[in-house]
């Protein structure tokens, strides 16, 4: 069992791994051994996730979630399968922890009386400046 939060735990049986060849450092080994890990986690059919967490995870992960609702994480930082596997699990846990956080509700802010007064004063000042330019332009055209 992988612990995400106090209430959310995921059974490792829900995770599917596929190992593929990775590019990058590794010498001759890179052409022979499949060290890159692809973790597949079925977000939609997972019995471990509450509905609200599931929806937030699909939204957060974006293109990483297929149309069928499967989240795919590629891990190829390290030279060994085991380290890449652990890296993929760690990244999945981070995604799930972010999805488990409830977003703070946004409260509409009303501007204070002083703020409104400052804004109106600024508008009056700007208006006066532009009005002054118009008079100067009319005088220039008359000459």
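Of the residues 72, 35, the single one that is in contact with a strand residue (DSSP E or B) (Cβ under 6 Å, 6 or more places away or on another chain) and modelled with pLDDT under 85 is 72.
The set of residues in segment 55-73 that are within 9 Å of residue 40 (Cα to Cα) and touching a helix residue (DSSP H, G or I) at 6+ places or on another chain (Cβ under 9 Å) comprises 71, 72, 73. Scanning segment 71-122 for residues that are surrounded by 14 or more Cβ atoms within 10 Å (Cβ to Cβ) and more than 21 Å from the chain's Cα centre (by Cα) yields 78, 79, 81, 83, 84, 85, 86.
The values are calculated or read from the model by the stated rules, or taken from the named source; none is laboratory data. Because the structure is a prediction, the values reported are computed rather than measured. Backbone-built Cβ (ideal geometry, glycine too); neighbour counts: all protein chains shown.
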